[in-house]
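Read through the structure below, which is laid out as C-alpha cells, and then see the notes.
Bear in mind these aren't lab numbers, they're just calculated from the coordinates by the rules spelled out. These figures come from a predicted structure and were not determined experimentally. Here the Cβ positions follow ideal geometry from the backbone for every residue, glycine too, while neighbour counts run over all protein chains shown.
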Amino acid sequence: MSQIIVDSAKVMPKGQITLPKDIRDALQLTSGDRVTLVYEDGKVIMMNSAAYAMKMLNKGMVGEAERTGLTSEEDINALIEEIRTEVEF
C-alpha cells in the first residue's frame with residue numbers, strides 16, 4: 001500500500017512555496033534538486049525530476065528490445081560484448 005502524506009504550503013507573492021520536510025523526504029529531495037510538476041484534471045503531481053526522466057525513458061523503451069531482435073538475456077549479453085570489443089582501444 002502506498003504512503004499518503006497530506007500537507008500544505010503557502011504560496012508567496014512570487015509564486016514560490018516551501019515544500020514541507022515530510023514531502024521532501026518522501027521524494028528524496030535535497031537542496032538544489034529539481035522537481036517536475038504535471039497538471040492534469042485539476043490536480044498537480046510533483047515528482048523528483050530524475051525519477052520522472054527515468055520513468056519517461058522506460059516508457060519510451062517499451063518493446064524496443066523485441067523490435068531490434070533482442071529476445072533473450074543471451075542476445076543482450078552478446079550485444080554488450082560486441083559493443084565492448086568495438087570501443088576497446
If I take every Cα pair under 8 Å that is 6 or more residues apart in the chain, average their sequence separation and divide by the length, what percent do I get for the relative contact order? 13
CD proxy, 222 nm, the chain: helix-only mean residue ellipticity via -39,500 (n - 2.57) per DSSP H run with n ≥ 4, per residue, nearest 500, stands at -12500 deg cm²/dmol
Rounded to 0.05, the calculated FRET efficiency for the beta carbons of Leu19 and Met61 at R₀ = 41 Å is 0.85
Taking the Cα centre of the chain as origin and charging only Cβ (+1 Lys, Arg; -1 Asp, Glu), how large is the dipole, in debye to the nearest 20? 980
Which loop-located trypsin sites (Lys or Arg not before Pro) does the stretch 7-38 contain, where loop means any DSSP state but H, G, I, E or B and the Cβ has at most 14 other Cβ atoms within 10 Å? Lys10, Lys14, Arg34
Charge dipole of the chain about the Cα centre (unit charges at C-beta), most positive-ward option of Leu27, Gly63, Leu79: Leu27
For the chain, the Kirkwood Rh over every pair of distinct alpha carbons, in Å, works out to 17.1
With r defined as the distance between the Cβ atoms of Met47 and Asp75 and R0 fixed at 35 Å, what FRET efficiency is calculated, to the nearest 0.05? 0.60
Expressed in Å to one decimal, the Kirkwood Rh of the stretch 35-87 from all distinct alpha-carbon pairs is 13.9
